[in-house]
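Written below as structure tokens is the structure these notes are about.
The values are calculated or read from the model by the stated rules, or taken from the named source; none is laboratory data. Treat the numbers as computed from the prediction; the structure is a model and nothing was measured. Cβ placement follows ideal geometry from the backbone for every residue including glycine, while neighbour counts extend to all protein chains displayed.
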Amino acid sequence: MPKSIIAEGKTTTEAISNGLKELNVSKDKVNVKILEDHNKKSFFSILEPRVVKVELTLKENEEVHVEKKKVIEVSEESIEKAEKRIRKFLDEFTSSLENVEYTTETDKENAFLKVELSGEGSKALIGYRGEVLNSLQTILNTIANSEIKERVRVILNIGNYREKREKSLEELADKISKTVLRTGKSITLEPMMAYERKIIHNRLQSSNKVKTHSIGEEPYRRVVIEKK
């Protein structure tokens with residue numbers, strides 16, 4: 001059975017474009033069906049956000065080709081430079097905070113630099129749904145890569161927040177999928193970061209009853225869960 005997805009946008013063009021990005025194909029490779037068009041809204045719904053839903057179905061004999069990411073080797077020297085810069089920043093940063101400590105761990109094979117903040121004072125650095133944590137992680141990545149040509153990825157965790165968040169998102173995916181099956185209607189989740197959307201997709205990818213896809217542009221990209 002040909003692969004199909006539902007995509008949304010403020011206009012038909014935008015909805016189709018979002019769907020093509022999700023499938024990673026050109027327009028000539030799909031059949032397009034408009035499901036909902038804002039032009040058909042009634043007078044009483046004129047103030048509602050404009051939404052167009054389209055269904056994109058791959059034409060027969062077409063396949064989705066996903067480009068494999070190239071593995072970029074990172075030298076030990078780059079890893080060491082990145083870790084040195086991170087440690088220097090964290091020494092100054094944590095010294096101004098009470099009850100905050102940190103540890104670092106390098107994964108040279110995969111070019112990862114893992115940073116763990118701990119202590120009672122570190123909880124304030126998580127923020128609502130990890131917003132402060134994610135912003136701090138972005139800063140650490142900028143600092144780590146500012147003087148090296150290769151790319152080192154810094155992963156920040158505070159008090160096992162990442163593990164707890166992953167568990168709560170998996171539980172959310174299970175709960176929403178049951179609602180979708182009960183009502184027969186698709187549900188669009190709130191905007192999430194890429195790694196959070198991936199958790200939802202991974203949790204439901206083996207389901208033979210529901211499917212997921214993402215819509216929208218960053219930072220407002222959302223996961224949609226619907227019946228197969």
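Of the conditions (1) outside any loop (DSSP other than H, G, I, E, B); (2) touching a strand residue (DSSP E or B) at 6+ places or on another chain (Cβ under 9 Å); (3) not charged (D, E, K, R), Met192 fails just one. Which one is it?
So the condition that Met192 fails would be (1).
What do you reckon, is Ile176 assigned by TED's automatic domain parsing to the domain that holds Ile16 and crowded, with 18+ Cβ neighbours inside 10 Å?
yes
With the condition kept exactly as written, say whether any residue in region 194-202 is under 17 Å from Ala7 (Cα atoms), modelled with pLDDT under 95, under 18 Å from the mean Cα position of the chain (by Cα) and not assigned by TED's automatic domain parsing to the domain that holds Glu101.
Yes, the conditions are met somewhere in region 194-202.
Can you tell me which of (1) farther than 19 Å from Lys114 by Cα; (2) touching a Leu at 6+ places or on another chain (Cβ under 9 Å) is the one His201 doesn't meet?
(2)
Counting just the residues of region 210-228 that are within 20 Å of Ser177 (Cα to Cα) and not charged (D, E, K, R), which one comes out surrounded by the most Cβ atoms within 10 Å (Cβ to Cβ)?
My answer is Val223.
Return only the number of the condition from (1) within 26 Å of Leu169 (Cα to Cα); (2) in a helix (DSSP H, G or I) that Thr142 does not satisfy.
(1)
Residues in region 128-148: is at least one within 16 Å of Ile86 (Cα to Cα), crowded, with 19+ Cβ neighbours inside 10 Å, at pLDDT below 95 and in contact with a Ser or Thr (Cβ under 8 Å, 6 or more places away or on another chain)?
Checked against the condition, which is being within 16 Å of Ile86 (Cα to Cα), crowded, with 19+ Cβ neighbours inside 10 Å, at pLDDT below 95 and in contact with a Ser or Thr (Cβ under 8 Å, 6 or more places away or on another chain), region 128-148 yields no hits at all.
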